[in-house]
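To start, the structure itself, in structure tokens.
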Amino acid sequence: MEEKKLFAEERQRHIFEHIRKNRRATLTELCEKFNVSPATMRNDLDEIQKQGNIKRTHGGAILVTKTSYESLHSDRIEHREAKIAVARRAVELIDNGDTLALDQGTTTYEMVSFLGEKKDLTVVVNDIEMALALEKETTANIIMLGGQVRRNYSSVYGSLTLRCLENLNVDKLFLGANSVSLAKGLTTPNDSAAEVKKALISVSNEVIALVDSSKFDRVSLYKFIDCSEVGTIITDSGLDPEILEEFRANGIHLDLVSK
């Protein structure tokens with residue numbers, strides 16, 4: 001059963017890469033390419049859609065981009081009310097004079113609008129849009145990491161990005177995640193994003209994860225940290241009480257905020 005699951009996850013990764021390169025694909029095309037039945041392909045597309053990377057259409061799927069579906073400036077971001085509440089709470093943990101790293105993501109982006117009142121901040125980012133917003137809305141000293149641009153995500157990644165981080169030291173890292181599981185940790189569907197997250201974690205004194213409640217009890221392909229290694233996980237009050245109890249029983253610090 002585990003082997004079947006791993007095989008399905010690997011196939012789904014290749015399916016997403018095909019859609020990413022072509023920006024769209026039909027169900028017939030995907031079934032032929034990956035030699036699976038329409039029912040299996042529909043299940044695969046449903047799983048990929050859960051990660052927010054594609055959007056199902058009647059005849060197949062299209063690539064989700066920030067401009068078409070999850071723009072950082074758009075009210076169409078899923079669970080935005082919860083993300084804003086989580087971001088507001090995260091900013092309360094920041095002291096004047098802190099050196100921060102803001103991981104790429106829609107929830108961490110929401111922090112920017114609350115950072116204007118903080119003084120003498122230094123903020124490390126790997127997201128181009130976030131850097132521009134910080135410049136416009138705050139007085140922070142902004143360090144933009146270099147690297148290869150990840151198209152449609154406005155972020156950078158790769159060996160150059162990792163080298164940029166080698167000699168940095170950060171007080172607090174505000175980390176995003178696609179999925180959170182007590183058993184599997186914090187995960188993301190993209191290996192390059194996972195490597196950048198690991199590098200950010202390695203140079204940070206304190207790790208604070210920002211994860212809305214919809215992402216709990218889910219697992220993506222690439223793990224980048226165990227839940228026990230995160231200082232605080234900030235989430236919203238929509239979290240299932242049983243999941244909350246399970247995390248707290250295992251010594252994981254969850255900070256719940258009201259939407």
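Quick look at the numbers
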quantity: Answer residue from the stretch 71-107, given it is under 22 Å from Thr187 (Cβ atoms) and among the acidic types (Asp, Glu) and is modelled with the lowest pLDDT among those; calculated: Glu78
quantity: In the stretch 223-241, the residues that are touching a Ser or Thr at 6+ places or on another chain (Cβ under 6 Å), over 21 Å from Ala101 (Cα atoms) and either assigned to a strand (DSSP E or B) or not aliphatic (A, V, I, L, M) (or both); calculated: Asp236, Ser237, Gly238
quantity: Count of residues meeting criterion [surrounded by fewer than 20 Cβ atoms within 10 Å (Cβ to Cβ), in a helix (DSSP H, G or I) and touching a strand residue (DSSP E or B) at 6+ places or on another chain (Cβ under 8 Å)] in the stretch 132-158; calculated: 1
quantity: Pair list, Cβ < 7 Å and 6+ apart or interchain, from the stretch 22-48 residues that are in a helix (DSSP H, G or I) to residues that are hydroxyl-bearing (Ser, Thr, Tyr); calculated: Cys31/Ser37
quantity: Criterion violated by Glu206 - all others in (1) surrounded by fewer than 19 Cβ atoms within 10 Å (Cβ to Cβ); (2) at pLDDT 95 or above; (3) touching a helix residue (DSSP H, G or I) at 6+ places or on another chain (Cβ under 7 Å) satisfied; calculated: (3)
quantity: Residue among Leu121, Leu160, Leu145, Leu134 that is over 27 Å from Asp95 (Cα atoms) and out of contact with any Lys or Arg (no Cβ under 7 Å at 6 or more places or on another chain); calculated: Leu160
quantity: Of residues in the stretch 184-199 being part of a helix (DSSP H, G or I) and under 13 Å from the mean Cα position of the chain (by Cα), the one nearest to Glu9 (Cα to Cα); calculated: Asp191
quantity: Thr122 within 14 Å of Lys172 (Cα to Cα), surrounded by fewer than 18 Cβ atoms within 10 Å (Cβ to Cβ) and assigned by TED's automatic domain parsing to the domain that holds Thr235; calculated: yes
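The values are calculated or read from the model by the stated rules, or taken from the named source; none is laboratory data. The shown structure was predicted, so the numbers you read here are calculated from the model rather than taken from an experiment. With ideal geometry, Cβ positions are generated from the backbone for all residues, glycine too; neighbour counts draw on all protein chains shown.
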